[in-house]
1. Compare the Cα positions of B:Ile52, A:Leu20, A:Leu84 along the charge dipole of the protein assembly as shown (+1 at Cβ of Lys, Arg; -1 at Cβ of Asp, Glu; about the Cα centre) and return the one farthest towards the positive end.
2. What's the Kirkwood radius of region B:5-251 in Å, using all Cα pairs?
3. Give me log10 I(q)/I(0) at q = 0.14 Å⁻¹ for region B:78-186, Debye formula, one equal scatterer per alpha-carbon, no solvent.
4. Along Cα→Cβ, 7 Å out, is where each label goes; now give me the distance between the ones at B:Arg90 and B:Arg118 in nm to one decimal.
5. Charges only on Cβ, +1 for Lys and Arg, -1 for Asp and Glu: so what's the dipole of chain B about the Cα centre, in debye to the nearest 20?
6. For every helix of n ≥ 4 consecutive DSSP H residues, a contribution of -39,500 (n - 2.57) applies; sum these over chain B, divide by its total residues, and give [θ] at 222 nm rounded to the nearest 500 deg cm²/dmol.
7. Can you work out ³J(HN,Hα) from phi for every residue in region B:59-76, in order, using Karplus 6.51 cos²θ - 1.76 cosθ + 1.60 and θ = phi - 60°, giving whole Hz and x for Gly and Pro?
8. Any idea what % of Cα-Cα pairs in the protein assembly as shown are farther than 43 Å?
Amino acid sequence: MSPTATPTRIAVVDYGAGNLVSIEQALTQVGAEVTIARDPDGLRGADALIVPGVGAAAPAMERLEAAGLVDPIRAWIAADRPFLGICLGLQLLFEGSDEDGAQTLGVLPGRSVRLEDAPTLPHIGWNQVVRKREHAAFAGIADGADLYFVHSYAGLPAGGLTDDVVLATTDHGRPFVSAVARGNLVGVQFHPERSGTDGLRLLANVVAAATVAARIPA
Amino acid sequence: MLRRRVIPCLDVADGRVVKGVRFVDLVDEGDPPELAERYAREGADELVFLDITAAPERRGTLLDIVERTARRAFIPLTVGGGVRTVDEMRDVLRAGADKVSLNTAAVADPELIDRCARRFGRQAVVVAIDARRITSGPATAPLAWEVVVKGGREATGLDAVVWAERAVALGAGELLVTSMDRDGTGSGFDTELLRAIVDRVEVPVIASGGAAGPDDFVRAVVDGGADAVLAASIFHRRIHSIAEVKATMAAAGLPVRDAPGVAA
C-alpha cells in the first residue's frame, strides 16, 4: 500500500465471544484500520469483515441475533465481499453444530463436529496446516506451516475433507478441515493473531485482498 | 502432528521478572514485555506470566505489562497469580491475555472454574496445580502428591490427582502442573507426578518445576506424557536457549515447531 492510500478498513465483529484485543493488535500491526462492530452500523464503510470467536455455537448465535448481525453477515457473504472467519467464526459458517445442536449461519453446507480420536481435547497448540490447493490468503506461507489452534470442534463440509471448499487440513488423531475458501470468503480454524509471523502474514494477505477488492467497483 | 510446546514462564513481581528457589529468594531478571518479545523471536510457543506478588493494589501494573506484551509478541499469553473472580479474569483477558490460570482461588472455590469456563470458554481457563510429594507413611505406600497453595506456603490435604480430575470436570481446558519439590532446584521434572495426572485427564498437561537442561524437557514429554513444558530460570539466565531445547527434543523424535536455528 502506498503511504498516501487510505488504510484498508476491517470491521471485527464483537459479540462477546472472546477476546478481540489480540486480533485488533495483529491487524493494526499489518497496517489495517480496525473498527469494532457491535451492530449493523458498525459494518458501514468496512472493506472486509472478520468474525472471530471462541466457545460454543448456541450462545454465539444468540448474541449475534441480539446484536442484529445475523442477516447483515449473511448478506455480506452473499455479496461475496471480503470475509474472514476465525475459529468459531469459521464453524458458524456451516449449517449447525453438534456441540449444542445450534443452528448456525448456514452459508456453507455441512456441520461442526467434535474432533474424533483426538489424543488430547481441547486441541491446543501449534499444528501443521497442509494445503489442498493454493490460495492468496496463504501467499508466502510454507505448505505445512505450524499455526496455533485452540478448539474441540471443527467444521465438516457436506462433501467431507475432499469438498471443493476445503483449503487445508490438519491432523490431530484424524485429519480435520483447518481452512476453507470460496470466492472472497476465507475461514480458518487456527488463530492467525496468535500464530507468530505466519499468522500475521495471513492477516496481511486478507487485508491486501480487501484493499484490491475495495478499488474495484462491484 | 500437534507440536510439543516449549513455554518460558516469567514470574512477575511489582512489574519486574523475578525468579527464586522454591518460590523464595527472589532475584530481578528483567522487563516482562522485553523478555516476552525476545522469547517470541527465539521460538517460544507460548508465554506464561505468573504474578507472584498478586497484591490487589498492584493489579494495574500487571494489566499494563500484559497489554504492552500483547502488542509486541503475537503468540499466546497465559496470565496467572491472584485471579479470584470472573471480573478479574475479564480484566486480564481484556488487557490482551488469551488464558488465565487459576490456582489458590480455585482450590478455595472450585465453582470459580465453572463460572470462568462458562463465561469465557474452557480454552481460556488453565488450572495451575502446585503439588508436593507425600513422604510420610510406610515406604510401600503408593506414590501420592498433596496440593499446596499460596505459593507453596499452605498445604491443603487435597490429593493432586483427584483435584486434577475435578478441575477438568469443572471446566479446566488445560492443567499447569508444578512440582514444588523440584521448582527452581534444577533437579528435573517430577515425571511420576505428571504421568499420574496425564493418565487420568483428556486435556493437555503443561509440566513445570525443575528444568535444568534440554534432556529434562524430553523426559517430561516421554516419561511424564506432558503436552507442553514450561521453564523459567534456564531461559532467563541464558543457560540454555529455546532453540537448543527444541533441537534436543527434535533429536529425540518429538514433534516441535521450528525455532530459528532449528532444522526440525
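The numbers here are math on the coordinates, done by the rules we state, and not lab data. Since this is a predicted model, take the numbers as computed values, not measurements. Note: ideal-geometry Cβ built from the backbone for every residue, glycine included; neighbour counts use all protein chains shown.
1. Of the candidates, A:Leu84 comes out farthest on the positive side.
2. Evaluated on region B:5-251, it is 17.7 Å.
3. The computed values of log10 I(q)/I(0) come out as -0.54.
4. About 1.4 nm, to one decimal.
5. Magnitude of the dipole: close to 360 debye.
6. Using -39500 (n - 2.57) per qualifying helix, the result is -9500 deg cm²/dmol.
7. 3, x, 4, 5, 4, 5, 5, 4, 5, 5, 5, 4, 7, 10, 10, 8, 10, x
8. 13 percent
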